[in-house]
Amino acid sequence: MTYITDIFLIAISAALINNFVLYYFVGICPFIGVSRNVDIAFGMGFAVTFVMTIAGSISWAITTLVLVPGAPFTRFIAGFFLDPGQAVQIDLTTLSYIVYIFAIASSVQFVEMYIRKFFPSLYKSFGVFLPLITTNCAILFACLTIMSHVAGVENPADVWGLSKALALSFFGGVGFTIAIVIMAGIREELDFCDVPECLQGAAITLIVAGILAMAFMGFTGVDSGLRVALTGG
Amino acid sequence: MTAEPTAPERFIRGILPENPTYRQLLGLCPTLAVTNNMKSALTMAGAVLFVLFCANVMVSLIRNLLKPHLRIVAFTLVIAAFVTIVDRLLAAYMYTMSKNLGPYIPLIIVNCIIIGRCEICASKESVLKAASDAIGQSIGFGIGLSSIAFFREIIGTGMVFGTRVLPQIWPDWVIMILPPGAFFTFGLLLGSVNYMVNRKNTSIKNRDSMK
Amino acid sequence: MTDRLNKNFLVQGWLVILLCLVFGGSLTAVQLTLSPVIEANKKNEILQIIPGLISEENSTAINKEATLPFTVSPFYVNSEKQGRHLSYAVFEAKDKDGNISGWAARASGQGYADKIELLLGLNPEAEKITGLFILEQKETPGLGNKISEIKWRDQFKGKKTDKAISAIKGKAVNANEIDAITGATISSKSVCRIINQMVGDIRPPLKMKLEESVHEKK
């Protein structure tokens, strides 16, 4: 029961309260660049959610199985060269950044090939955004957040399982989609407004994003209230 | 456009005419995320300087050996390795700062400024040009970050570098150091930079038409 | 023949592989030189705070060299409640003669905006709070983040642990009450809740540990 509550709260927190775009400022580039039209924004959001879920679970698997001290795969390989006591201590977390960025890049490639082959209609709707996503900080940020809950956690009970990692990455993507679609809706209306010349384009988008961020700040504290209500303290 | 810019030209270009923050709108995540005080903004700029300089020099050194279809892989590898090094260095010698910056140091890997400079400049130019380009672009980035951080810190807390400069009577606008303040400050500063550039351009145009 | 050789992925990617090896080597070197420093940083972060929490002096005047007569060793206290497994890191501070001079226990819990992580100093019998330090919080700047201020934290000093501590809006009257921060009642109450829960969980094991150590000395 508490486990389900935890996942529920992680999801709420990633999608609304600590929204990736409006609270952590990751994925700002597509948020400003690809938010001119609601349909395109939906495509982008969908692509990001898709890749983020895949990359998040891959990075969870790599971290748990290879990188952290005592990870089964590393222990198995190192077992050929070292005695078990030493093999358990091998800590590869320093390599995590390099590993994640290549995991993201290759998963984007695979997803693109797979979708182009088997779902041509889906590819038409968001395929063009896929290569752009490799350098989207939101994806790497999701991987890093998952890592911080898997590696270097003192209490073994607090280490995230796959379901929590999935919840964070999927709902992080949902949060991104919510933010970019709202933004695109506002910008479509903004076309009919008389914006001062110097503020046109990115500047007014940023100011609107500030107002949006302020609105999303209203969600602060919802998760603590929910946690108290659901678990009784 | 004249022929290939020389090393000093590359250096000057990065600072104002091609400022990565205000003119090219690159690397926006750290621009918004770490600018709630001057100290972290300058640390971030320093980290970017280190990574960009090393990556540019490295890429420039191996530019003739690069296979075109493998160049992005090589760039990413170089950048990610240097980011890991800078992250470890910060954790060892500036521990509290590295805790404050948190995930934004590793996010330098996907900062478009660095991979952009590797692609546009370092993979074609000599080491000297690549190095001066890296320093110029990083100083431009540093100016962008610190200008935003200056306004956010002084309005939000009445302090600069942690020392109080505004009188106690100033009611701190806490919103400025919260996420919305980042968007507002950057939006308005970007607007004023655009305004100045537009005015300069029109005055040049007027002068030309008078001739 | 040369054509096939050229198409081989090793020939195509030799530079990338070479770079991997070079950076692998340099990262190993960096890791080997810096990881002891980083580990020490992580450890010192908490160890520096503990003397100020345990000694009776004012926590503002932490003098690193002067107040480190303790040897500090950590251990874990686990508790199982309603299927929820909790574990607290407790630091045992011993003076030169090996007598326990106090405990510092770390706990975390939900605050208003995000997790609050704190370190609580207790006297040897775990009956009195000797100090409180907020290790990590992301409460609202200007309101909730006042929980890190010394003025507010010092209210906890000398509070008895046999009764739950509660944060009261306005002025605290009773012995086990503290003033809540104006505009941040939830943050203040969260800190009290975290402390109360932890104290309830760790008091019995700490008492046992104290008796054991006294016994051992005899």
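Observations on the model:
- Filter pass, B:Ser192 being more than 19 Å from B:Cys29 (Cβ to Cβ) and modelled with pLDDT of 90 or more: yes
- From C:Gly158, C:Gly170, C:Gly200, C:Gly183, residue being within 14 Å of chain B (Cβ to nearest Cβ) and small (Gly, Ala, Ser): C:Gly183
- Close contacts from region C:158-172, counting a first residue that is under 17 Å from C:Gly102 (Cα atoms) and a second that is part of a loop (DSSP other than H, G, I, E, B), with Cβ to Cβ under 6 Å and a gap of 6+ residues or different chains, come to C:Lys159/C:Ile165; C:Thr161/C:Glu127.
- Residue selected from region C:18-34 under the condition within 10 Å of chain B (Cβ to nearest Cβ) and of a type in the set (Val, Ile, Thr), by the criterion farthest from A:Ile90 (Cα to Cα): C:Val22
- Filter result (under 27 Å from B:Lys99 (Cα atoms) and either away from chain B (no Cβ under 14 Å) or hydrophobic (A, V, I, L, M, F, W, C) (or both)) within region C:116-145: C:Ile116, C:Leu118, C:Leu119, C:Leu120, C:Gly121, C:Gly131, C:Leu132, C:Phe133, C:Ile134, C:Leu135, C:Leu143
- Odd one out for A:Ala165 among (1) farther than 28 Å from C:Pro141 by Cβ; (2) open to solvent by 40 Å² or more (accessible area, probe 1.4 Å): (2)
- In region B:202-211, the residue that is modelled with the lowest pLDDT out of those that are open to solvent by 80 Å² or more (accessible area, probe 1.4 Å) and assigned to a helix (DSSP H, G or I) is B:Met210.
- Residues in region B:98-105 include none that are over 21 Å from the mean Cα position of the chain (by Cα), at the interface with another protein chain (Cβ under 9 Å from one of its Cβ atoms) and open to solvent by 50 Å² or more (accessible area, probe 1.4 Å).
- Any hit, region C:176-187, residues being surrounded by 19 or more Cβ atoms within 10 Å (Cβ to Cβ) and of a type in the set (S, T, N, Q): yes
- Candidate set: region A:213-230, residues that are crowded, with 20+ Cβ neighbours inside 10 Å and among the hydrophobic types (A, V, I, L, M, F, W, C); chosen: the one farthest from A:Ile4 (Cα to Cα): A:Ala213
- Single residue of region B:150-165 satisfying the filter (loosely packed, with under 14 Cβ neighbours inside 10 Å and part of a loop (DSSP other than H, G, I, E, B)) that is modelled with the lowest pLDDT: B:Gly162
- Selected residue (criterion: surrounded by the most Cβ atoms within 10 Å (Cβ to Cβ)) from residues of region A:74-94 that are within 23 Å of B:Ala81 (Cβ to Cβ) and out of contact with any helix residue (DSSP H, G or I) (no Cβ under 7 Å at 6 or more places or on another chain): A:Asp91
- Matching entry among C:Ala61, C:Ala113 (being within 14 Å of chain B (Cβ to nearest Cβ), at pLDDT below 80, in a loop (DSSP other than H, G, I, E, B) and farther than 18 Å from C:Lys209 by Cα): C:Ala113
- Restricting B:Arg13, B:Arg71 to residues that are open to solvent by 10 Å² or more (accessible area, probe 1.4 Å), of a type in the set (Lys, Arg) and in contact with a Gly (Cβ under 9 Å, 6 or more places away or on another chain) narrows the list to B:Arg13.
- The set of residues from region B:127-173 being among the β-branched types (Val, Ile, Thr) and closer than 18 Å to B:Arg117 by Cα comprises B:Val127, B:Ile135, B:Ile139, B:Ile143.
- Entirely in region A:1-111, the helices (runs of 4 or more DSSP H) that have 3 or more residues that are closer than 19 Å to A:Gly161 by Cα and hydrophobic (A, V, I, L, M, F, W, C): A:2-12, A:38-62
- Within region A:15-52, tally of residues that are open to solvent by less than 30 Å² (accessible area, probe 1.4 Å) and away from chain B (no Cβ under 14 Å): 7
- Hits in region B:160-200 (condition: in contact (Cβ under 8 Å) with a residue 24 or more places away in the chain, away from chain A (no Cβ under 11 Å) and not aromatic (Phe, Trp, Tyr)): B:Val160, B:Gly162, B:Ile177
- At least 3 residues being out of contact with any Gly (no Cβ under 6 Å at 6 or more places or on another chain) and of a type in the set (A, V, I, L, M) is the threshold, and among the strands (runs of 3 or more DSSP E) wholly inside region C:116-218 those reaching it are C:129-136.
The values are calculated or read from the model by the stated rules, or taken from the named source; none is laboratory data. What you see is a predicted model; the values in this text were computed from it and never measured. Ideal geometry is used to build each Cβ from the backbone, glycine not excepted, and the neighbour counts take in all protein chains shown. Areas reflect the complete protein model, heavy atoms only, side chains present, ligands, DNA and RNA absent. Shrake-Rupley method; radii C 1.70, N 1.55, O 1.52, S 1.80 Å.
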